[in-house]
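All remarks here apply to the structure that follows.
Just so it is clear, none of the values below were taken in a lab; they were calculated from the coordinates. Quantities reported herein were computed from a predicted structural model and do not represent experimental measurements. Glycine also receives a Cβ, built like all others from the backbone with ideal geometry; neighbour counts cover every protein chain displayed.
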Amino acid sequence: MNRVLKITSLLLSYPTKELQDEMPELVAALISADLAKVQKRRLIKLAEDIAALDLYDAQERYVYLFDRTRSLSLHLFEHVHGESRDRGQAMVDLKTMYEEQGLEIDTLELPDHLPVFLEFLSTQPADEAAELLGQTSHILTVLRERLKKRDSIYSGAFHVLESLAAGKAEPKLVEELLGMPDDDPDDLDALDKIWEEEAVTFGGNAGEGDCGPDRLQRQIRAAARKAPNLPKTENSREI
């Protein structure tokens, strides 16, 4: 599971020449990975697709999907807190959890960027990784649905992540997220309106069902408090 999480983290990162050059190694690692055949094939197809594209085209597609389309943002807390103050504290908690368990963020990405989160999970015991990933299941499901609607090959990566997560997405959270406007990055007026809306919360953030984003934040805080007693690990990009 850890190897699959790490590879998926790379595949969901901004395409670079270095990443394209690594694709044969990533595909070979996937072939030998302990993963269901259908899920393995989804990741291999994505890897081969990214490698085959002109680098500029691969980068343009990535930016169009994940940077210019807010409803497809790979920043997890964007779908939970929007631009509210709570997002800042959630970022601090998440960054603390990473650092206290030996993972130093050396990129310009925010701690809640999905590839960074998956990189962290790939260093954790499989059951803990599955549990934390499961707290984002509603976000993963919605992103998969929206990417599938766009006939995007990236939807396959979210199929895989859902299969690795502990538990199923809470239907109410999925419904509320899908009820948000699925913005068109070419409609600038509509985008301005969406960005001006107040922060969205789900289920009143009252812990209904004890699942979803609030539970994730409680686990992050708990992990940060326990972290000094845990062994440190060095972050590595090796597959």
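Residues Ile153, Ile7, Ile31 in ascending order of nearby Cβ atoms (within 10 Å, fewest first): Ile31, Ile153, Ile7. Think of segment 92-160 as having a plus end and a minus end, set by charges on the Cβ of Lys, Arg, Asp and Glu; of Val142, Thr123, His113, Val142 sits farthest toward the positive end of this dipole. Here Asn2 and Lys148 are evaluated by their C-beta separation; at R0 = 22 Å the FRET efficiency comes out at 0.25.
Determine, from the Cβ-Cβ distance of Glu48 and Ala126 and an R0 of 30 Å, the FRET efficiency 1/(1 + (r/R0)^6), rounded to the nearest 0.05. So, using R0 = 30 Å, E works out to roughly 0.65.
Residue-wise HN-Hα couplings along segment 34-40, as the Karplus relation 6.51 cos²θ - 1.76 cosθ + 1.60 with θ = phi - 60° gives them from phi, are 7, 8, 4, 4, 5, 6, 4 Hz; Gly and Pro carry x. In plain terms, the chain from Tyr14 to Leu55 could stretch by 13.7 nm, reckoned as 0.36 nm per residue minus the Cα-Cα distance. Along the Cα-to-Cβ line of Ser163, 7 Å from the Cα, sits a label point; which residues in segment 46-75 have backbone N less than 15 Å from it? Under 15 Å, as judged by backbone N against the label point of Ser163, lie 46-47 of segment 46-75.
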